[in-house]
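Q: Take a look at this one; I'll ask things after.
The values are calculated or read from the model by the stated rules, or taken from the named source; none is laboratory data. Not measured: the values here are computed from a predicted model. As a convention, Cβ positions derive from the backbone with ideal geometry for all residues, glycine included, and neighbour counts pool all protein chains shown. To get the accessible areas, we keep the full protein, side chains included, count just its heavy atoms, and leave off ligands, DNA and RNA. Shrake-Rupley method; radii C 1.70, N 1.55, O 1.52, S 1.80 Å.
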Amino acid sequence: GHGKGEAPAQYAKPTEPPKFDGFQPPVEEWERKLIAWETAYPSLRNRGALLVQSLSKEPFRLVTTTLKPEDWTREAQYDEYTGEQISSDGYEVVKTLILSRYKKRRIVQVFDKVTRLVEHTRRRGRPMRFYLQDFEVAMTDAENHGLTVSDELKGVFAVMFANLGPMEKTQVLSQMQAKSDAQGDRDLTFQEVAAILQTVGDAATLSGVA
């Protein structure tokens, strides 16, 4: 049986910390999952060693070559008079090392994703449907790495990269304006712009232009 005041929950095996390999999930998402894990198991011992085990590839190499096992297994130190924490536990040391390395790289990652978006998702004679699918995948990838793009700008990019002829571009822009006017001059969503592009693209294919 349980001793007085002991909760059975203490015997539940804690779930592992969220895994991270340097790319998946994106570092911001991993940090959010990690905070959720911390709050679920606030008094867990040896969190540092559990965190190290959940890392792989480059983050694992970074931690195991920068720190020694005693660094990530150490307990936090507290001032015996004030009770204030005077040194971090091993878990905080590992977490800080990973975040300081990978959050800095976010700028580079966003730049790479946007470059790919701008240079490699152009339509180049493909059917409009396939182009729009690729565009949305590349856009989501860039957003997952921390790029913030308004829905309106997403629509503008979609039109820019669709390699429209002068006639098609005029049609698309006038349809976009008409739809905006009809809705009290509000910005169009990306999905609305994509639908217009699809319609114009289909019409051009039928007439043998595309």
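Q: I want to check the label-to-label distance for Ile107 and Gln77. Put each point 7 Å from Cα in the C-beta direction and report it in nm to one decimal.
A: 3.4 nm
Q: Restricting to DSSP loop positions (anything but H, G, I, E, B) with no more than 15 other Cβ atoms inside 10 Å of their own Cβ, which trypsin sites (Lys or Arg not before Pro) remain in the stretch 132-210?
A: Answer by residue number: Arg186.
Q: Just how large is the dipole of the chain about the Cα centre, in debye to the nearest 20, putting +1 at every Lys and Arg Cβ and -1 at every Asp and Glu Cβ?
A: So the magnitude is around 700 debye.
Q: Using 0.36 nm per residue, how much length does the chain from Met160 to Phe130 gain when fully extended, once their Cα-Cα distance is taken away?
A: 9.2 nm
Q: Here is a follow-up. Mind checking the full-extension length gain between Thr39 and Lys169? Use 0.36 nm per residue of separation minus the Cα-Cα distance, one decimal, nm.
A: That pair, Thr39 and Lys169, stretches by 41.6 nm at full extension.
Q: Determine the calculated [θ] at 222 nm for the chain from helices alone, applying -39500 (n - 2.57) to every DSSP H run no shorter than 4 residues and normalising by the residue count; nearest 500 deg cm²/dmol.
A: -19000 deg cm²/dmol
Q: Taking Cα pairs under 8 Å and at least six residues apart, what relative contact order does the chain come out at, in percent?
A: Once divided by the residue count of the chain, the mean separation gives 15 percent.
Q: Oh, and also: At 7 Å along the Cα-to-beta-carbon direction for both Lys19 and Glu58, put a label point, then send me their distance in nm to one decimal.
A: 1.8 nm
Q: Right, next: Taking 7 Å along the Cα-to-C-beta vector as the label spot, tell me the Leu147-Ser180 distance in nanometres, rounded to one decimal.
A: Taking the simple label geometry, Leu147 and Ser180 are separated by 2.2 nm.
Q: Identify which of Thr39, Thr148, Thr82 has the largest mean-square fluctuation in a Gaussian network model of the chain, with springs joining Cα atoms closer than 10 Å.
A: Between Thr39, Thr148, Thr82, it is Thr82 that shows the largest mean-square fluctuation.
Q: How big is the stretch 48-156 in terms of Cα radius of gyration and Dmax, in angstroms?
A: When restricted to the Cα atoms of the stretch 48-156, Rg and Dmax are 21.4, 74 Å.
Q: Step by step: find N for the chain, compute 2.2 N^0.38 Å, then divide the Cα radius of gyration by it. What's the final number?
A: Ratio of Cα Rg to 2.2 N^0.38 Å: 1.54.
Q: Give the ranking of Arg126, Arg116 by solvent-accessible surface, highest area first, calculated with a 1.4 Å probe.
A: Sorted by accessible area, descending: Arg116, Arg126.
Q: Using only the Cα atoms of the stretch 14-110, what are the Rg and Dmax in Å?
A: 13.9, 47
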